[in-house]
Amino acid sequence: MKYKRSKRVQELLLEEISKLIQFELKDPRIGFATLTGVNLTDNLKFARVFVSIIGDETQKRDTLEGLQSARGFIRSWLGKNLNLRYVPELNFQLDETAENAQNISRLLNEIHPE
């Protein structure tokens, strides 16, 4: 099976955006955010960035708003520092996979206590 270029670019974007959020962004709204994945269209023009955020609903909303408002800065930084012909449009979305897994685990423990 051929390794698609979009897969390589997804991994690169995940790594670089993670570093950027950790070291470059100074927005106080952005709390404890962890990037969990990037879905990139085959034409490399649009990227959905999944973010797991620790905190209550207000903190999650504020962090997402901070990331959405920083999209232009992130995109321009990626354009300057990565060798890509086209930097994709970024859209940050909350990833609730970890929370859902915890809820399922809790429910299973309630049904069958150890």
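The values are calculated or read from the model by the stated rules, or taken from the named source; none is laboratory data. Remember, predicted model here, so these are calculated numbers, not experimental data. Neighbour counts run over all protein chains shown; Cβ positions are idealised from the backbone, glycine included.
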Mind checking whether some residue in the range 81-94 is aliphatic (A, V, I, L, M), within 22 Å of S6 (Cβ to Cβ), assigned to a helix (DSSP H, G or I) and touching a residue at least 60 places away in the same chain (Cβ under 8 Å)? no
Residues to consider are F23, F50, F73; find the one that is of a type in the set (F, W, Y), under 16 Å from the mean Cα position of the chain (by Cα) and closer than 15 Å to D95 by Cβ. F50
Among the residues of the range 20-56, write down those that are surrounded by 13 or more Cβ atoms within 10 Å (Cβ to Cβ) and among the basic types (K, R). R29, R48
Inspect all residues belonging to the range 61-77 and state whether any of them is modelled with pLDDT of 90 or more, part of a strand (DSSP E or B), surrounded by fewer than 13 Cβ atoms within 10 Å (Cβ to Cβ) and out of contact with any Gly (no Cβ under 7 Å at 6 or more places or on another chain). no
Is at least one residue of the range 2-14 surrounded by 13 or more Cβ atoms within 10 Å (Cβ to Cβ), basic (K, R) and assigned to a helix (DSSP H, G or I)? no
